[in-house]
Amino acid sequence: MKKLVFRLLLFLLPFLVLYPVLEYKLSVIPNTYNKKRDFLESQLNEIEILSTGSSHGNAINPDYIRRKTFTLNIAAQDLYYDVQLINKYLDRLPKLKLVILPVSYFSLEYQMDRTKTWTLAPFYYHFWGIPPQHWDSFINLRYFSLTATYGWEKVLHYIENGFIDTEWEIMKTTGWWFQGNEELEDTPHESQMGLYSIQMQHIEIMRAEMIPANMKLLEDIIAACQIRKIKVAFVTTPVHHSYSDFMDPVKYQTMQNNLQYLVDQYHVTYHNYLNDPRFVDSDFYSRDHINTKGSIKFSQIIDEEIIEQLLSATQ
């Protein structure tokens, strides 16, 4: 028995020695989360406008906004992490005047750690110290191991490439991701794909029972901002008609009603650019994402129609 235990320990020894080294290496590899964190924290004393959101939030390009702006949007990010990130930095942004919260068709019915995107939630815990929205999510090795969080396929890729990751390099110091100038073609195929995208969102991520908790999050962040005299604006970014044509009218109207409630109750603003006719096929690279050219147009529009309207009135 002693021999068996000794051999087992001998077999495990390399892993026990190398595993902490591996975890450390993974903790310092630049990625979407820690680079965006580092960029933000290097500019805390300058930022006047903070925006968040999922990948749709990348429609806001800070380079085309006159006031110092940073975007904390990350692909698949839900309202819980939007709010947690804003709360984390509210008292560390002395010049902050406005928070912009993009709200998409699915946002009020979506919670990251209750859908297939749950594998991304541990990154917020590891690199921002933000716990999951639901504490039972902690019953998962990913929250205790970066090796598990990345997955062995990615870890082996890092090992083979000397623990170098260049994916984050298309992110600017403003938090904005370069997304290219590919242009969408308005074809029957795109409409079919738009229908499929909406159907998958209905099946995989949208649940009406999520709305009350998400509304509470928005009410809480409005209160936290208003007590600090920080304005809040909700924005719905443009989408191509091949996406919006297939949205459930009942779900969409529920979204609109809930946002209007926030406007009426808390005197915040909401600007809906979903089907804004100023955006044409060449402004999109996918059915629900505008390209770099489209983001320049959108950013200039919100700079004029939202930011300057809100902030110039307070000066």
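Normalised by the residues of region 18-111, what does the relative contact order come to in percent, with Cα pairs under 8 Å and at least six apart? Numbers along the way, then the final one.
Values: 115 pairs, mean separation 30.3, N = 94.
After rounding, I find 32 percent.
Suppose every Lys and Arg Cβ carries +1 and every Asp and Glu Cβ carries -1, with no other charges. What dipole size does region 31-312 come out with about its Cα centre, to the nearest 20 debye? Walk me through the numbers on the way to the answer.
Working: 25 positive and 36 negative charges, 209 e Å.
Using Cβ point charges on Lys, Arg, Asp and Glu, region 31-312 gives about 1000 debye.
Could you name the aspartates and glutamates in cross-link range of LYS25, using Cα to Cα under 14 Å and dropping any fewer than eight places away on the same chain?
Of all the aspartates and glutamates, those that pass the test against LYS25 - Cα under 14 Å, at least 8 places apart if same chain - are GLU160, ASP165.
Would you mind getting me the FRET efficiency between GLU41 and GLU219? Use the beta-carbon distance for r and R0 = 35 Å, nearest 0.05.
Numbers: r = 27 Å, r/R0 = 0.78.
The pair GLU41/GLU219 has a calculated efficiency of 0.80.
Say each of ASP245 and LYS88 gets a label point 7 Å from the Cα, pointing the same way as Cα to Cβ; how far apart are those two points in nm?
Once both label points are built, they end up 4.0 nm from each other.
Taking every DSSP beta bridge with both residues inside the chain, roughly what % is antiparallel (nearest 5)?
Numbers: 3 of 18 bridges.
Roughly 15 percent of the DSSP beta bridges within the chain come out antiparallel.
Select from ARG142, ARG278, ARG207 the residue whose mean-square fluctuation is largest in a Gaussian network model of the chain (Cα-Cα springs shorter than 10 Å).
Evaluated over the chain, the most mobile residue of the options is ARG278.
What do you get for the angle between helix 188-204 and the principal long axis of the chain? Use alpha-carbon atoms, 0 to 90 degrees, nearest ten.
60 degrees
Going by how many other beta carbons lie within 10 Å of each one, how would you line up GLU190, GLU160, GLU219, fewest first?
So the ranking, lowest neighbour count to highest, is GLU160, GLU219, GLU190.
Per DSSP H run of at least 4 residues, take -39500 (n - 2.57); add these up for the chain, divide by its residues and hand me the 222 nm value, nearest 500 deg cm²/dmol. The partial results should precede the final answer.
On the way: 12 runs with 141 residues, N = 315.
After summing the helix terms and dividing by the residues of the chain, the value is -14000 deg cm²/dmol.
Looking only at TRP128, TRP152, TRP176, which one moves most when the chain is put into a Gaussian network model with springs between Cα atoms under 10 Å?
TRP152
From the residues LEU40, GLY129, GLN226, which one has its Cα farthest along the dipole of the chain in the positive direction, the dipole being from +1 and -1 charges on Cβ of Lys/Arg and Asp/Glu about the Cα centre?
So the residue we want is GLY129.
Using Cα atoms only, what is the angle between the long axis of helix 32-41 and the major principal axis of the chain, expressed in degrees (0 to 90) to the nearest 10?
Compared with the principal axis, the helix lies near 60 degrees.
Between TYR143 and THR166, how many nm apart are label points set 7 Å from Cα along the C-beta direction?
A separation of 3.7 nm, rounded to one decimal place.
Considering the dipole of the chain built from charges on the beta carbon (Lys and Arg +1, Asp and Glu -1) around the Cα centre, which of VAL155, SER197, PRO62 is farthest to its positive end?
Value: VAL155.
Between TYR261 and TRP152, what is the FRET efficiency for a Förster distance of 45 Å, r being their Cβ-Cβ separation, to the nearest 0.05? Can you show the working numbers first?
Values: r = 46 Å, r/R0 = 1.02.
With a Förster radius of 45 Å, E is 0.45.
Can you pull the one-decimal nm distance between simple spin-label points at GLU304 and SER27, each 7 Å off the Cα toward Cβ?
Here the modelled spin labels are 5.0 nm apart.
No lab work stands behind these numbers, since they all come straight from the coordinates. Everything numeric in this text was worked out from a predicted model, so none of it was measured. Please note: Cβ atoms are built from the backbone with ideal geometry, for glycine as well, and neighbour counts cover all protein chains shown.
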